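J.: Can you keep this structure in mind? I'll have questions shortly.
The values are calculated or read from the model by the stated rules, or taken from the named source; none is laboratory data. If you're wondering where the values come from, they're calculated on a predicted model, not measured in any experiment. All Cβ positions, even for glycine, are placed from backbone atoms using ideal geometry, and neighbour counts span all protein chains on display. Surface areas here come from the heavy atoms of the whole protein model, side chains and all, with no ligands, DNA or RNA. Shrake-Rupley method; radii C 1.70, N 1.55, O 1.52, S 1.80 Å.
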Amino acid sequence: MSHHQSDPGGGAAPAIVARGLVKRYKGVTALAGIDLTVPQGTVLALLGPNGAGKTTAVRILTTLLRPDAGSARVAGVDVLHEPRAVRRRIGLSGQYAAVDEYLTGYENLEMVGRLYHLGRKRSRERARELLAGFRLEEAADRPSRTYSGGMRRRLDLAAALVANPPVIFLDEPTTGLDPRGRADMWEVIQTLVAGGTTLLLTTQYLEEADVLADDIVVIDHGEVIAQGTADELKLQVGGERLELTVSELGTLERAGRVLEPLGVGRPTLDEGRRSLLMPVTGGARTLTEALRVLDAEGIALDDVGLRRPTLDDVFLTLTGRPAEDDAATTEVGA
Amino acid sequence: MAMPTVLSDAHVVARRNIIKIKRVPDLLVFTTLSPIMFVLLFAYVFGGAIAVPGGADPNAYREFLMAGIFAQTVIFGATITGAALAEDVKKGIIDRFRSLPMAPSAVLTGRTLSDVVNNVLVLVVMSLTGLLVGWGIHSSVGEAALGFALLILFAYAISWIMAWLGMLVPSVEVFNNATFIVIFPLTFVANTFVPLESLPGPLQTFAEWNPVSAVTQASRELFGNIPAQVPEPTAWPLQHAELYTLIWTVLIVAVFVPLANLQYRRSTSR
Ligand SMILES: Nc1ncnc2c1ncn2[C@@H]1O[C@H](COP(=O)(O)OP(=O)(O)OP(=O)(O)O)[C@@H](O)[C@H]1O
Ligand SMILES: [Mg+2]
C-alpha cells in the first residue's frame, strides 16, 4: 500500500482526528460529541464500560456509520467525503468476528487480499504469512465454521492486517481470547506499532490499555470523561490506595466505618473478597494508624498494604463504578 | 469507479458464494430436490386431473408442465440472493465488505451472478428429470437456448428485488416468510400449472398480466411445447410473451439495482 496523500505541511499530522462526533439512536445518545486525536505511530485505547459508545465511534471512523454531527479524518482523508479512500488506508477488526464460516481460513484471507486489490499472487502469499503468524496454520484449510471462538477472533484480526494498512482499528481485540491468545495479540500489536502503524483499540480491560496504549481516552455515556497517558490518569486520581482483607466478613462494614476518617475518599467494600479499598495520603503513617484503629476494634486482618492507583481506581473515581460491573462491590453509605 | 474493478471484485465475491454451494451441498440438493418432486407430483398425481389444450394424451400435461416448473423454480432460486444477504448482514460479513476498498456494487453483483450459476445447475437437473417423465424439446437448438436464457434472465432480475429485500429485513426468517407470501401467488396464479382458461374471471385477468405467465408462455413456445391445435392466447402480454418478459426484466432491473445498492450502503449489522 502506498501512503500517498499524506497531509501537506509535512511533519507528523495526526493519523486519526475526530471532532464533535455525535450519533443518536431513537432515545439513546450513543455519542454525545467526542473529540479524538491519535498521532501517527501511536496507540490510542478507547476505554469504557458496556454501552459507552466505543463501537459506535469505531464504526464512524471506519466509514460504516454516518455520524449525525461532527467530522473525522483518518490517514489524512475525510471519512465522510472520501470513504473509499479511507478504506484503502485502514484495517478493521470489529467487535464480533466477521469471517465467512463456509470459507477456510486461507480462503477468507485471500478474499480480503483480493478485495484490497493486492493481486492474486500477493493475496495468496499474504494469507499464508498471516495464518502462520496467528498460529492458524494447521487449521488453514478447514472451513472457519470448525474454528473455536478464539481462532475465529484471530482470523478476523488477521483480516484487518492483510493490506498492511497504516491505520488499524481493533474493537475489543482480546475479548474471548485465552491468556496465551491475549499475550500473542499484545505481541502482534506491539510489533505493528514498532513498524509505525497507528492503532485505535477499544477495550474494557484497564490492564490492556495500560500495557499497550500511549494515550487513553475514557468514555462513558458517549462522552469523554478523561484522557491522557496511563500515568497522567493515575496522577489525576492522586495518592495511594490502602487495600486490606478482613478475616471475617462480619467485620468488614465496621472496618469501613472506623477507617473512613483516615482516607481522602470513601472506602469501597468488596464482600466477595472480604476486602476494602480506600484512597489515602500520608503513606506509611496512615498505614500504621489504620492498623492501630483496627486493632483497637479487634478486627483481624488476612492481608493489608498500600499501593499506587491502577487504572481500575481511575475508572472507579471517574465514573463512580468499577470498570467491570461487580455486583458484590458497594460503597459505604451509598 | 472503474468498471474492471467492479467486475473483478464481483468475481471474487461470486467465487466465495460458489465455494459455499460446494461446501454445503445440501443447499443445492434441496433447491433441486423440491423441483424434482414437483415434476413428479404434478406429472403423476395432479396431471391426470388437469385438462390441458392438446388432448387426452397423458404426455400433453407433462409437455405443458415443464416450462411452468422451470419458471417457478428459477424464481425461487433467485430468493437465495436475499436470504444469503440477510444472513451476511447479520453475521457482519457485509460490514467486513463495506470496510474494504472494493467497488460497493460488487457485493450485490457477485451475489446475483452466483444465483445465475445456481439456477443453471438446477435447470440442468430439472430438464433431465423432465426428459425422463416424457417432456421433450420440439424446436431448434437456438430456440431452446433462447427459452432457457429468458428464464435465467427473468430470474436474474428477480434476484435484484430479493437483494433489496434481503438487506431491508431484520432476519433470514422474516425474509423467507415475506418472499413466500409474494412468490407463491405469483407463481401459482399464472399459467404455470394450469391453463389460464380454467381460472375464474379476476384471477384470470391477473394471471394474463402476471409476468410469470409471460415467461412461462415464452419458454413453452420456444421449447415447442404448445401443440398446433391450441388457439392463440387473447391477452396482449401472452401474445407478445417474449417482449412482455423483457419489458418486465428491464423495468425490475432499472428500479431494483439502484434501490438494492442504496440499501447496501445503509445496511448495518445491528
Ligand atoms: N443500531 C442501534 N440502534 C439503537 N441503539 C444502538 C444501536 N447501536 C448502538 N446503540 C446504542 O448506543 C449505545 C452505545 O453503543 P456501543 O455499541 O457503541 O457501545 P460499546 O461501548 O461498544 O459497548 P460494548 O462494550 O457493550 O460493546 C448503547 O446504548 C447502545 O444500546
Ligand atoms: Mg462495543
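J.: So, in the stretch A:193-221, of the ones that are within 20 Å of A:A75 (Cα to Cα) and either surrounded by fewer than 19 Cβ atoms within 10 Å (Cβ to Cβ) or among the charged types (D, E, K, R) (or both), which residue ends up nearest to ligand 2 (Cβ to nearest atom)?
T.: Looking at the filtered set, the residue picked out is A:D215.
J.: What are the residues in the stretch A:38-51 that are more than 16 Å from ligand 2 (Cβ to nearest atom) and in a loop (DSSP other than H, G, I, E, B), if any?
T.: If the condition is that a residue be more than 16 Å from ligand 2 (Cβ to nearest atom) and in a loop (DSSP other than H, G, I, E, B), then A:P39, A:Q40, A:G41, A:T42 are the ones that fit.
J.: Select from the stretch A:20-37 the residues that are within 16 Å of ligand 2 (Cβ to nearest atom) and within 14 Å of chain B (Cβ to nearest Cβ) and write down the one among them that is nearest to A:L80 (Cα to Cα).
T.: Looking at residues that are within 16 Å of ligand 2 (Cβ to nearest atom) and within 14 Å of chain B (Cβ to nearest Cβ), I get A:K23.
J.: Suppose we keep only residues that are open to solvent by 30 Å² or more (accessible area, probe 1.4 Å) and under 18 Å from A:L200 (Cβ atoms) within the stretch A:149-176. Which one would you say is nearest to ligand 1 (Cβ to nearest atom)?
T.: Step by step, filter the stretch A:149-176, then rank; the result is A:T175.
J.: Output yes when any residue across the stretch B:24-38 is touching a Pro at 6+ places or on another chain (Cβ under 7 Å), more than 14 Å from chain A (Cβ to nearest Cβ) and among the hydroxyl-bearing types (S, T, Y), and no when none is.
T.: So in the stretch B:24-38, the residues touching a Pro at 6+ places or on another chain (Cβ under 7 Å) come out as none.
Looking for residues that are touching a Pro at 6+ places or on another chain (Cβ under 7 Å), more than 14 Å from chain A (Cβ to nearest Cβ) and among the hydroxyl-bearing types (S, T, Y), one finds none in the stretch B:24-38, hence no.
J.: If A:P49 satisfies every condition in (1) more than 14 Å from chain B (Cβ to nearest Cβ); (2) buried (at least 20 other Cβ atoms within 10 Å of the Cβ); (3) over 15 Å from A:T198 (Cα atoms); (4) within 11 Å of ligand 1 (Cβ to nearest atom) but one, which is the exception?
T.: Unmet condition: (2).
J.: Now, a different point. Please verify whether A:Q190 is farther than 23 Å from A:A32 by Cβ, polar (S, T, N, Q), away from ligand 2 (no atom under 16 Å from the Cβ) and part of a helix (DSSP H, G or I), treating the condition exactly as stated.
T.: Answer is yes for this residue.
J.: OK, next. Among the numbered criteria (1) more than 12 Å from ligand 1 (Cβ to nearest atom); (2) in contact with a Lys or Arg (Cβ under 9 Å, 6 or more places away or on another chain); (3) open to solvent by 20 Å² or more (accessible area, probe 1.4 Å), which one does A:I16 miss?
T.: It is condition (3) that A:I16 fails.
J.: Quick one: which residue in B:F76, B:F70, B:F30 is in a helix (DSSP H, G or I), under 16 Å from the mean Cα position of the chain (by Cα) and without any contact (Cβ under 8 Å) to a residue 40 or more places away in the chain?
T.: Only one candidate passes the filter, namely B:F30.
J.: From the set of residues in the stretch A:274-290 that are part of a loop (DSSP other than H, G, I, E, B) and without any contact (Cβ under 8 Å) to a residue 40 or more places away in the chain, which is farthest from A:L306 (Cα to Cα)?
T.: A:R274
J.: Now, a different point. Yes or no: the stretch B:89-111 includes at least one residue that is part of a helix (DSSP H, G or I), within 16 Å of the chain's Cα centre (by Cα) and closer than 20 Å to B:T245 by Cβ.
T.: No, the stretch B:89-111 contains no residue that is part of a helix (DSSP H, G or I), within 16 Å of the chain's Cα centre (by Cα) and closer than 20 Å to B:T245 by Cβ.
J.: Next question. Please list, ordered by first then second residue, the pairs with beta carbon atoms under 8 Å, 6 or more apart or interchain, first in the stretch B:231-242 and among the small types (G, A, S), second modelled with pLDDT of 85 or more and open to solvent by 100 Å² or more (accessible area, probe 1.4 Å).
T.: B:A235/B:W209
J.: Among the residues of the stretch B:183-206, write down those that are surrounded by 14 or more Cβ atoms within 10 Å (Cβ to Cβ), of a type in the set (A, V, I, L, M, F, W, C) and within 17 Å of the chain's Cα centre (by Cα).
T.: B:I183, B:L186, B:F188, B:V189, B:A190, B:F193
One line per residue, one yes/no per condition, for (1) touching a Cys at 6+ places or on another chain (Cβ under 6 Å); (2) within 14 Å of chain A (Cβ to nearest Cβ); (3) open to solvent by 10 Å² or more (accessible area, probe 1.4 Å):
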{"position": "B:D57", "(1), (2), (3)": "no, no, yes"}
{"position": "B:G68", "(1), (2), (3)": "no, no, no"}
{"position": "B:A71", "(1), (2), (3)": "no, no, no"}
{"position": "B:K90", "(1), (2), (3)": "no, yes, yes"}
{"position": "B:D95", "(1), (2), (3)": "no, yes, yes"}
{"position": "B:T112", "(1), (2), (3)": "no, no, no"}
{"position": "B:D115", "(1), (2), (3)": "no, no, no"}
{"position": "B:M126", "(1), (2), (3)": "no, no, no"}
{"position": "B:L132", "(1), (2), (3)": "no, no, yes"}
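J.: How many of the residues in the stretch A:52-79 are free of Cβ contacts under 8 Å to residues at least 60 places away in the same chain, in a loop (DSSP other than H, G, I, E, B) and within 13 Å of chain B (Cβ to nearest Cβ)?
T.: 5
J.: Restricting to the stretch A:85-116, give me the number of residues that are without any contact (Cβ under 8 Å) to a residue 24 or more places away in the chain and facing another protein chain (nearest Cβ under 7 Å).
T.: Total meeting the criteria: 5.
J.: Also, quick follow-up: Being closer than 30 Å to A:E137 by Cα and within 14 Å of ligand 1 (Cβ to nearest atom) narrows it down to one of A:G105, A:G94, A:G113, so name that one.
T.: On the way: A:G105 fails: within 14 Å of ligand 1 (Cβ to nearest atom); A:G113 fails: within 14 Å of ligand 1 (Cβ to nearest atom).
The match here is A:G94.
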